[in-house]
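Written below as structure tokens is the structure these notes are about.
The values are calculated or read from the model by the stated rules, or taken from the named source; none is laboratory data. Only a predicted model underlies this, so the values are computations on that prediction, with no experimental measurement involved. Using ideal geometry, Cβ is built from the backbone for each residue, glycine included, and neighbour counts are taken over all protein chains shown.
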Amino acid sequence: MTGANARELLFLLQDLEERSRRNAVGLPRQDEVRESWEGIMFSVSGLRLVAPLGELVEILTYPSSVTPVPGTQAWVCGVANVRGVLLPIVDLQQFLGGATTVTGRRSRVLVARQEGTRVGLLVGEVFGMRHFLEENRGRAPVYENRLQDFVRSVFEENRESWPVFSVSALLRDREFAVAAA
């Protein structure tokens, strides 16, 4: 390549760069960043709750075969074989002092992990996953039952209240840990 060709090539590249800069659209302006929180929405005793997404491993339909375990609390439904692994299933509503959950097509089992062991929490219904803005989190109301031990905050959005149910607090609870009758 001759000196004249190199200068011409350099001139063309500079011209291309200049035209590109003139016609370039700037990056979109980023609006205010708002911190969000994700949870799984479900119901217990007719109350709609939300559990932190990170505290649950999966959501199952109620297994077709649950084997009762003799000598356990009434709120222990039994164990089910889920993909070759025994999963203890607990009726969350009954544990919290409510009536036995009626299993049907809407009932689900929220699977949580506790120190390497999984436990299934039977709930009346799961509504799905939702993102909440942290700025909409407030203090939970006072509950007159065991729910008080597991709900410490609530999200208020669109005129709806979603108490945050701490699955990790449930798994650390002494009464929950002792399932023997």
* **Within segment 142-151, tally of residues that are under 21 Å from the mean Cα position of the chain (by Cα) and surrounded by fewer than 14 Cβ atoms within 10 Å (Cβ to Cβ)** => 1
* Structure fact -> Across segment 41-58, the tally of residues that are loosely packed, with under 15 Cβ neighbours inside 10 Å and over 23 Å from GLU134 (Cβ atoms) stands at 3
* Asked: Regarding ARG118, is this residue charged (D, E, K, R) and not in a strand (DSSP E or B)?
  -> no
* **Some residue of segment 117-129 being among the acidic types (Asp, Glu) and loosely packed, with under 15 Cβ neighbours inside 10 Å** => no
* Structure fact -> Conditions (1) surrounded by 12 or more Cβ atoms within 10 Å (Cβ to Cβ); (2) in a loop (DSSP other than H, G, I, E, B) -> ARG34 fails only (1)
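The rows are residues; the columns are (1) modelled with pLDDT of 95 or more; (2) assigned to a strand (DSSP E or B); (3) within 30 Å of GLU135 (Cα to Cα).
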position: LEU27; (1), (2), (3): no, no, yes
position: GLN30; (1), (2), (3): no, no, yes
position: GLU38; (1), (2), (3): yes, yes, yes
position: LEU60; (1), (2), (3): yes, yes, no
position: LEU87; (1), (2), (3): yes, yes, no
position: GLN94; (1), (2), (3): yes, no, no
position: THR101; (1), (2), (3): yes, no, no
position: LEU110; (1), (2), (3): yes, yes, yes
* In segment 81-102, the residues that are more than 20 Å from ALA180 (Cα to Cα) and loosely packed, with under 15 Cβ neighbours inside 10 Å -> ASN81, ARG83, GLY84, VAL85, VAL102
* Among the numbered criteria (1) loosely packed, with under 12 Cβ neighbours inside 10 Å; (2) among the charged types (D, E, K, R); (3) within 24 Å of ALA140 (Cα to Cα), which single criterion is violated by ARG105? -> (3)
* Scan segment 53-82 residue by residue and report those that are over 18 Å from GLU115 (Cβ atoms), under 22 Å from the mean Cα position of the chain (by Cα) and not aliphatic (A, V, I, L, M). => THR61, TYR62, PRO63
* To do: Select the strands (runs of 3 or more DSSP E) contained entirely in segment 135-177, then report the ones holding at least 3 residues which are of a type outside the set (Lys, Arg).
  => 151-157, 160-165
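Pick from PHE95, PHE127, PHE165, PHE155: which is more than 16 Å from LEU56 (Cβ to Cβ), under 15 Å from the mean Cα position of the chain (by Cα) and touching a residue at least 12 places away in the same chain (Cβ under 8 Å)?
Just one listed residue meets the conditions, PHE155.
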